[in-house]
C-alpha cells in the first residue's frame with residue numbers, strides 16, 4: 001500500500017512510519033520540521049528510516065503544495081498525524097493552532113478529494129471530551145464544551161473529516177489519542193520532562209494537588225491502533241478512542257518515575273493550570289471490537305521501559 005504520513009518525523013509519526021516500512025508498505029512523509037521542539041530530534045527520527053521513506057519537507061498550511069504532493073503521490077491512504085500539539089501553548093497562541101490544525105487539515109482533506117484518495121486517518125485527542133462527567137469516555141458522549149484552543153481545533157478537525165466523508169465519499173477514521181508516551185517521546189511532554197528534571201536534580205513543576213488523572217497510553221499500543229485504522233473498512237466515517245482504559249494520578253506518575261530512576265523528585269508547587277482536564281479515561285470497547293485494538297503495556301511496565309530508553313541516550 002502507498003501511504004503518506006503527515007508529522008511522520010515526530011514522536012508518534014516516526015513510530016508509525018517504521019512499523020509501516022517493516023510491514024512492507026511504500027511510505028512517504030510530510031513534515032515541516034518545526035522548532036516547537038529541537039528539529040534535530042525529528043531529523044534523527046527520519047535517519048532511522050534508513051532512506052526507505054520519501055520525505056517531503058513541507059507545511060500542511062501550504063494549500064498548493066499539499067495539492068501537488070497528494071496529486072502526484074496517488075496515495076491509497078493518508079495518515080494525518082501532523083499538528084500543533086499541546087494544550088498550554090495553544091492558550092498563548094490560538095491562531096497558530098487554528099491555522100495548522102484546522103486549515104492544515106482542510107488542505108489535506110481537499111487534496112485527498114482532488115486526488116481521489118479513498119482512505120484518511122485523522123489524529124484527534126482525548127482533550128475533545130472537556131469536562132465530560134461520564135467516565136470512562138465513550139465515543140458517543142455529547143461534547144458541548146472544550147477547554148482549550150487545542151481541543152477546539154481537534155474537534156473542528158473531526159467535523160471537517162465528517163463533512164468530507166459525507167459529501168465526497170472519503171472513508172475517514174478519527175482516532176482520539178489518550179496521553180501517548182514511550183521511547184522517543186517529545187521532550188516537552190510530562191513524562192520525558194519530569195524524567196529529565198528528576199535525573200538532573202531539578203525541581204519539577206506540579207500544577208494543583210496532583211490528583212488530576214490521565215489515561216497514559218504506550219506508543220506500541222497506539223501504533224497498533226493506527227494500523228487497525230488504516231485497515232478499517234467499516235463505516236465511511238467513524239471515531240475511536242485509543243487509550244489504556246486505566247487512569248493514573250499525577251502524584252502516582254511522579255512516584256513511579258522516582259521508583260524507576262531511584263531518585264526523589266524536588267517539587268515546585270504551582271496552582272492549577274487553565275485548560276487542563278481534571279481526568280481522562282478511555283472506553284476502548286469499540287476499538288477492541290472493530291479495530292482489533294489490544295493495548296498491553298500498563299503504566300507500571302511502560303515507565304521503566306521509558307526510563308531505560310532515556311538513560312540509553314547517554315544524558
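Every read-out reported here was derived from the displayed coordinates using simple, explicitly stated rules and does not represent laboratory data. These figures come from a predicted structure and were not determined experimentally. Neighbour counts run over all protein chains shown; Cβ positions are idealised from the backbone, glycine included.
Structure notes:
- Translational diffusion of region 169-310, µm² s⁻¹ [Kirkwood Rh, Cα pairs; Stokes-Einstein; 10 °C; 1.306 mPa s]: 98 µm²/s
- Percent of Cα-Cα distances greater than 19 Å, calculated over region 130-215: 59 percent
- Counted over all Cα-Cα pairs of the chain, pairs farther apart than 23 Å make up 55 percent.
- FRET efficiency for the residue 135 to residue 290 pair, using the beta carbon distance and R₀ = 22 Å, is estimated at 0.55.
- Rg over Rh, two decimals, region 38-91 (C-alpha only, Kirkwood Rh): 1.01
- The length gained on full extension between residue 209 and residue 273, counted as 0.36 nm times the residue separation minus their Cα-Cα distance, comes to 21.9 nm.
- Most to least packed among 237-248, 157-168 [average Cβ atoms within 10 Å]: 237-248, 157-168
- Each part gets one Cα centre, and for region 197-244 versus region 106-146 those centres are 15 Å apart.
- The long axis of helix 190-200 is offset from the longest Cα principal axis of the chain by roughly 40 degrees.
- Where the alpha-carbon atoms of region 101-154 are placed on the principal axes, they occupy 41, 21, 14 Å, in descending order.
- Cβ crowding within 10 Å averaged over residues, with 251-263, 120-132, 6-18 ranked highest first: 6-18, 120-132, 251-263
- Cα-derived Rg over Rh, computed across region 1-146 with Rh taken as Kirkwood radius: 0.99
- Tilt relative to the chain, helix 11-22 - C-alpha long axis, 0 to 90 degrees, to 10: 60 degrees
- On the principal axes of its alpha carbon atoms, region 216-271 extends 49, 27, 15 Å, with the longest extent given first.
- Nearest-ten-degree value, helix 299-312 long axis tilted from longest Cα axis of the chain: 90 degrees
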